1. Considering the options Val349, Leu395, Val371, tell which one lies farthest towards the positive end of the dipole of the stretch 334-438, charges being +1 on Lys and Arg and -1 on Asp and Glu at the Cβ, about the Cα centre.
2. Is there a quick way to get the dipole size of the stretch 160-226? I mean about its Cα centre, with the Cβ of Lys and Arg at +1 and of Asp and Glu at -1; what is the value in debye to the nearest 20?
3. What whole-number value in Å² describes the accessible area per residue of the stretch 127-215 for a 1.4 Å probe?
4. Go through Asp248, Asp239 and list them by solvent-accessible area, largest first, probe radius 1.4 Å.
5. Only Cα pairs under 8 Å and at least 6 apart count here; give the relative contact order of the stretch 225-294 as a rounded whole percent.
6. Distance in nm between label sites at Thr152 and Ile303, each 7 Å beyond Cα in the beta-carbon direction?
7. Given Cβ point charges of +1 (Lys, Arg) and -1 (Asp, Glu) and nothing else, what value in debye, to the nearest 20, does the dipole of the stretch 294-451 about its Cα centre take?
8. Carbon and sulfur atoms: what percent of the 1.4 Å accessible area of the stretch 298-383 do they account for?
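The values are calculated or read from the model by the stated rules, or taken from the named source; none is laboratory data. Only a predicted model underlies this, so the values are computations on that prediction, with no experimental measurement involved. Neighbour counts are summed over all protein chains in view; Cβ atoms, including those assigned to glycine, are modelled from backbone coordinates with ideal geometry. For accessibility, only protein heavy atoms count, side chains too; no ligands or nucleic acids. Shrake-Rupley method; radii C 1.70, N 1.55, O 1.52, S 1.80 Å.
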Amino acid sequence: QGRTYPARLAPEGALRSCVERPVRAMQRSLRAVSLCCWLSAWAPAQASHERMAALLKSRSRLSLQAGDLRGGVRDTDEQLPSESDDSDLATTLRPGAGMGRPDAVTFGIMAKALSSVDLMTNTYFGDLVLTLQWSDPRAGRVAVDLGVDNVTLSQDEASQAIWMPDIKVTNRDIQCEDIISTAVTVSTDGTVVKVQRVSHVLKTPYVLTAFPFDRQELGVQIASSFYMADELELVPTTDTEVAGIGPDASLPDFFLTGSQTRAFVEEDASLVKSRGEMKITVDRRSQPLCLSLLVPEVLVLIIAVSVFWFPLLGPFAMPRVSTAIVSYLAFTMLQGRTTSYIPPKGGLVWMDLWESVCQFIMLFVLCLNLVVLSICHTYGLKGLAGDIDRELRALSLVIAILALATAFVGTDGENLTALSVGILGSVTVVGLVYVAFCFVRVRRAKAGHSA
């Protein structure tokens, strides 16, 4: 080609041998890169574009180097291509690419600390430790080159040296994320262990049908940010030391009762992901809420029922009526406190059942109180009115105790609609039957006076 080669490369046979060996090596590399390009065409579009860009860049570099060797020998000060050019492939392609199976990544999630369970926004704060483990024989060269059994790298160093599955917490609040520390340990046998501590505000749906006796599940979900289920499979670890609830984790309003870890495949149209999940089961500390919500409502109910102990004299007619009405209005105001604890809901909550029963009993007391006053002052049957008043003292207490005790059967949040219909229907039937019986007695008493 008109070029002059250095004299030290003579004779001609040595020169030809020196040129042909690198050329053949570059040709083999080009065939390997072409095969990888063909395999990557089966990957999803987003991951394929990223990997193809790296492969084409590597192929272009190899082609230029091969062309230089075919055209002639470089100057002695220039370096021939080295094996480090293959590092791009080791960090871009997953270990099992082209083998027809997904790469398995074992995961463990440890809840180091929990706080700020917010029912209004369906969020909570979690300080988590993620442990990921996978096998990549290509990664072992990092430790081998350093002459050690294992080496620990930072996140940035590991991303440049080995392949990473890029696992993220997927149910996090995007604006509330903090990665505290990351360590990637690589062993000579190709075992890679990544330990990462993150702090997130996590989103999880709360089920409030049994409030304030509810049990919640605080969920943590992880998945690869771009690998699909046919490329990467998450497998839960069996090591209890790296999964579950940490010894220092606690919540002021809940008891931590246990945790469960699982892996599953989620399909959303063309998005098919292998996801890992840990659910932390918590039971609410219901005693403070019972003291602040239920006890005041029971006291107001007792005040409403106490009207049957007022005398049936004329000066006490207004106090009897006003006490029942004011108790009902006070109870309505107490109901507003419940909305500060739970968000607006579409279904029936146990607290709704409790307050509905209390309201209905108060309405029952108000109506029967008017019946007694009407018999006493309108019909002038003071003796009969006194008898009915004494009967209602016991009847109202029995109905209130039975109705409220029956409401506690549904503290698990199941069948609340049927339970509500049963309690309110029973109170209504008893009230109507007793009112009808009272008017029958009034008619008999008037007939006796006429006779």
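1. Val371
2. Dipole of the stretch 160-226, to the nearest 20 debye: 20 debye.
3. Here the residues of the stretch 127-215 average 47 Å² of exposed surface.
4. Asp248, Asp239
5. 34 percent
6. Reported label-point gap for Thr152 and Ile303 is 6.4 nm.
7. Once rounded to the nearest 20, the dipole reads 700 debye.
8. Roughly 73 percent of what the probe reaches on the stretch 298-383 is carbon or sulfur.
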